[in-house]
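These notes are about the structure you will find just below.
The values are calculated or read from the model by the stated rules, or taken from the named source; none is laboratory data. This one's a predicted model, so the numbers in the text were calculated from it and none came from an experiment. Positions of Cβ are backbone-derived with ideal geometry, glycine not excepted, and every protein chain shown enters the neighbour counts.
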Amino acid sequence: MNLFYICIAIYLYGDLAIYAAAVSKSMRDVTCTASMTIANSTNGSSEDVGDLHCWPGAEITRTNAYRIYVLAFLCLLGPFTFFNMQKTKYLQLFTSLMRWIAFSTMIVLCTIALSGGKGQGRPPVTEPAGLPNLFGVCVYAFMCHHSLPSLVTPMRSKRHLFVLVGADYLLILGFYTLLAFTGIFTFPRLYDMYTLNFQPTSDPMGTIVPAIPFLQYFLSLFPVFTLSTSFPIIAITLRNNLKALFLREERPSSATPSASPGVLHKVLERFVFPLLAILPPILIAFATENVEFLVGITGSYAGAFIQYIVPVALVYCARNQVFEALGLGVRNQHASPFRHGAWLVFVLLWAVTCVTFVTVNHFLAKV
């Protein structure tokens, strides 16, 4: 159980670092007026434009501006980690609505550009060098379907469960495939944060997609809206996981005074664990703005354990308990088509393959 909490904590640390970096990078790229002409000239990495000035007449580089926004992000959203958030229904509805509007807008703008013959993307048929990082991103993509239990639970009849879940997967696949393919055929290069490809430039006539200022600013600031609303919730979740990992409920004994342990417990709960939850990811985001690298690391290791190892262990233990309790005489009409034990072995091998590929990719990138 402790290993599970550790993996969850590592994953959430990576998640928070990604959110802090993405929001700060978006704010930097939108507000830096001295370098707005670079939108389609680089791949968005800090090595390309990090030393350029952010504002005319100011000695602040783009890298320093990014770090200023990271600190501002900490000051604005960090305090929420010290409290509890309840009744987030409307917050989640707002976030979902923003996502659908942003994704649909990006698809429509790219479709207009492609239909007008302005597409500049020439992606190769295959790119072997990108295969290792693909595994990490695919593992990280489990966030897209970790809410499936909320779809299954309200169903009174599970008779058509596989058909409905399969249709849901196909809908998600089609939507994200459309989003991805319209993007790679529209832009010559893609930022590690796709929304930054739509940021406004100093030459509206030279943009690939239709230059609509409101939509350009909305898409560029889209991560700021959605990720900022999710950041406090994830930070509080991480704080609670750290409590479950390190704090144990102990009954006070008569031999020792109860005041001192109580004060220590309150200090740890109210101050230490919130700081442990919020400071490490902020420091990581302060050190690097490479969102693609953070996604690869988070998805490759902690994500792989959560996505593959933990489910295999749960299924294996659950099947053993069911076999001991019911034996072989009971047949489940809702049994999974992947109930054979070979699928568990396959998932484990797939997890090892993913981690191996991504690890090799990280080492090769440093050579």
**Request:** May I ask you to say which residue of Val315, Val360 is touching a helix residue (DSSP H, G or I) at 6+ places or on another chain (Cβ under 7 Å), closer than 20 Å to Leu3 by Cα and hydrophobic (A, V, I, L, M, F, W, C)?
**Result:** Val315
**Prompt:** Taking the stretch 279-303, which residues are closer than 25 Å to Cys75 by Cβ and outside any helix (DSSP H, G or I)?
**Reply:** Thr288, Glu289, Asn290
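The rows are residues; the columns are (1) in a helix (DSSP H, G or I); (2) among the aliphatic types (A, V, I, L, M); (3) in contact with an Asp or Glu (Cβ under 9 Å, 6 or more places away or on another chain).
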residue	(1), (2), (3)
Phe305	yes, no, no
Val322	yes, yes, no
Ala325	yes, yes, no
Leu328	no, yes, no
Ala335	no, yes, no
Leu344	yes, yes, no
Leu348	yes, yes, no
Thr353	yes, no, no
Asn361	yes, no, no
**Item:** Filter result (outside any helix (DSSP H, G or I), among the hydroxyl-bearing types (Ser, Thr, Tyr) and surrounded by fewer than 16 Cβ atoms within 10 Å (Cβ to Cβ)) within the stretch 166-219
**Value:** Ser202
**Prompt:** So which residues in the stretch 72-94 are at pLDDT 80 or above, surrounded by 14 or more Cβ atoms within 10 Å (Cβ to Cβ) and in contact with a Ser or Thr (Cβ under 9 Å, 6 or more places away or on another chain), if there are any at all?
**Reply:** Phe73, Leu77, Phe94
**Message:** If the requirement is being of a type in the set (Lys, Arg), in a loop (DSSP other than H, G, I, E, B) and modelled with pLDDT under 90, which of these qualifies: Arg270, Arg251?
**Reply:** Arg251
**Complete:** When (1) more than 15 Å from the chain's Cα centre (by Cα); (2) closer than 14 Å to Gln199 by Cβ; (3) at pLDDT 75 or above are applied to Trp55, the one that fails is (2)
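Only one of Gly130, Gly57 is farther than 22 Å from Ile18 by Cβ and either assigned to a helix (DSSP H, G or I) or not acidic (Asp, Glu) (or both); which?
Details: Gly130 fails: farther than 22 Å from Ile18 by Cβ.
Every option except Gly57 fails the conditions.
Taking the condition of being assigned to a helix (DSSP H, G or I) and under 18 Å from Pro232 (Cα atoms), how many residues in the stretch 85-98 meet it?
Kept after step one, since they are assigned to a helix (DSSP H, G or I), are these residues of the stretch 85-98: 89-98.
Imposing the further condition that a residue be under 18 Å from Pro232 (Cα atoms) reduces the set to 89-96, 98.
The qualifying residues number 9.
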